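Below you'll find the structure, written out as structure tokens, and then a few comments.
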Amino acid sequence: MYQHVTPYAGDPILSLVETFKQDPRPNKINLSIGIYFDNEGKMPFPNSVFQAAQRIENQVQPYLPMEGHAGFRAAVAKLLFGAESLVLQENRVAAVQTLGGSGALKLGADFIHRWFPQSHVFVSDPTWDNHRGIFEGAGFEVGSYPYYDPATIGVKFDAMCDFFRSLPEHSVVLLHPCCHNPTGVDLLPEQWDTILNIVAERQLIPFMDIAYQGFGDTFDSDAYAIRQAAKLNLPLFVSCSFSKNMSLYGQRVGALMVLAPNAAQADLVLGQLKFIVRRIYSSPPAQGVLAAQGVLGDTNLAAQWQNEVYEMRDRIRAMRLKLYEVLREKLPEKDFSYFVKQRGMFSYTGLSVAQVQRLRDEFAIYVLDSGRLCVAGLNEGNVETVAKALAQVFAE
Ligand code: PMP
């Protein structure tokens, strides 16, 4: 019956996690997957989210509407666009609760493919692997635009601008407003201004995927690109995830926002998004979103939550600094300042595939083949070991 079904090669990141689990070495360190661990190496549950989750334990949950929880959708829109946002006052944002950030990407991708079937999608080179997967899965041809420059461990900004200028109208450009995954290399506000002006001139469709709000700088400044795009009245799509900043990984809590030129068009978009939802999973899950909404809808808990995220951000920064200090001491002739300049959970280390392999074989330290290291997996107990191993591998 199923002889013709081709085998699935597996996901590279998830497969590496399996290899890690099977590694018998007791001192092994996993810095491959994008999960935030605390200083004890545990996945923390922010106290604010825990409190909100407790309030709704053991309640029967009726179906949510296709578009999800109304209070949550409104609260997320404010978190992304700003509480005083004009586009929200004018009801120009179609907002849907989604199954994590991945669900938001898929819903947005399906919508664009249905209504702009000629469009192609362009993702940064490199990007989170599943960006390509999700958009190809929705039927798009996916290309990439110049982004990361290995020579400077920065952005190829001029090449990126030139590439955007060459794109046909309604091309979709997938952008990371903060904490670029996998490189940790972000655009500066003035670079965003330039890019968004090109997006406007060329009539491109910006799709901003924000999975780490609060981990870069502040909740407001991490949303700079989103708010600037709204000011420019761009046909903006935003996918967001609460997997990392609320530790709601398995609850699948995210949202998709689509900015329309007026309220009537936002309504049309919302209608079609509901139609897509209805034909795939009908309505989103309730438990996680009620916890998220319990936080966002309560002034005190929301403030507590933001501070808890800032503590995570600061812990990551401290680990970056520690890595940098050890490496600078061990290899003073090399410049490792990129470790402290990069933002968010990840760092592109500049390690080659051979160096990554050596780190794994000799030191039982797991990072991705691309050289992406999850800084959020470091702690006081392992950072020194990792830094010293990196120094040995970089010294080759
Ligand atoms: N976008 C980016 C950039 C991500 O890093 C991730 C998660 N690794 C996602 C989207 C998906 O988020 P979720 O796990 O909530 O589906």
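Where a number appears in this text, it was derived from the coordinates with a stated rule and is not lab data. The shown structure was predicted, so the numbers you read here are calculated from the model rather than taken from an experiment. Using ideal geometry, Cβ is built from the backbone for each residue, glycine included, and neighbour counts are taken over all protein chains shown.
Here the chain carries DSSP beta bridges of which approximately 50% are antiparallel, counting only pairs with both residues inside. Inter-part distance, segment 124-177 to segment 321-384, computed on C-alpha centroids, equals 25 Å. Could you pull out which residues in segment 246-271 have an amide N less than 12 Å from a spot 7 Å beyond the Cα of residue 114, following the Cα-Cβ vector? Of the residues in segment 246-271, 268-271 have backbone N under 12 Å from the label point off residue 114.
Look at the Cα gyration tensor of segment 1-158: its axes a ≥ b ≥ c give a/c under 1.5, and that counts as rounded. The distance from the alpha carbon centre of segment 251-313 to that of segment 42-111 is 2 Å, rounded to a whole number.
Take the alpha carbon gyration tensor of segment 256-300, find the square roots of its eigenvalues, order them as a ≥ b ≥ c, and report rounded if a/c is under 1.5; if not, report prolate when a/b exceeds b/c, else oblate.
Oblate shape, in that a/c is at least 1.5 and b/c is the bigger or equal ratio.
Largest GNM mean-square fluctuation across 14, 174, 204, computed for the chain with C-alpha springs under 10 Å, falls on 14.
Here residue 388 is the anchor, and the aspartates and glutamates within straight C-alpha reach of less than 16 Å, apart from those fewer than 8 places off in the same chain, are 325, 329, 333, 335, 361, 362, 380, 396. Think of each Lys and Arg Cβ as +1 and each Asp and Glu Cβ as -1; about the Cα centre, that makes the dipole of the chain roughly 620 debye.
The alpha carbon convex hull volume per residue for the chain rounds to 163 Å³.
For segment 57-130, chymotrypsin sites (Phe, Trp or Tyr not before Pro) meeting the loop criterion (DSSP other than H, G, I, E, B) and having at most 11 other Cβ atoms within 10 Å: 63. Here segment 61-297 carries DSSP beta bridges of which approximately 45% are antiparallel, counting only pairs with both residues inside.
Rounded to the nearest 500, the helix-only mean residue ellipticity at 222 nm of the chain stands at -14000 deg cm²/dmol, with each DSSP H run of n ≥ 4 adding -39,500 (n - 2.57).
Between 243, 85, 171, the Gaussian network model of the chain with springs among Cα atoms under 10 angstrom shows the greatest mean-square fluctuation at 85. Averaging the sequence gap over all C-alpha pairs within less than 8 Å and six or more residues apart, then dividing by the number of residues, gives the chain a relative contact order of 26 percent. Seen through its C-alpha gyration tensor, with square-root eigenvalues sorted a ≥ b ≥ c, segment 172-266 comes out oblate because a/c lies at 1.5 or above while a/b is not bigger than b/c. Cross-link partners of residue 231 among lysines, defined as those whose alpha carbon lies under 22 angstrom from its own and excluding same-chain residues fewer than eight positions apart: 78. Take the chain, connect every pair of alpha-carbon atoms lying under 10 Å apart with a spring to form a Gaussian network, then pick out the residue of 206, 24, 126 with the largest mean-square fluctuation. Greatest mean-square fluctuation among the candidates belongs to 24. Output the relative contact order of segment 61-297, whole-number percent, from Cα pairs under 8 angstrom with separation of 6+ residues. Contact order relative to length: 32 percent. Here the convex hull built on the C-alpha positions of segment 61-297 has a volume of 114 cubic angstrom per residue. A DSSP coil position with no more than 10 other Cβ atoms inside 10 Å describes none of the trypsin sites (Lys or Arg not before Pro) in segment 130-176.
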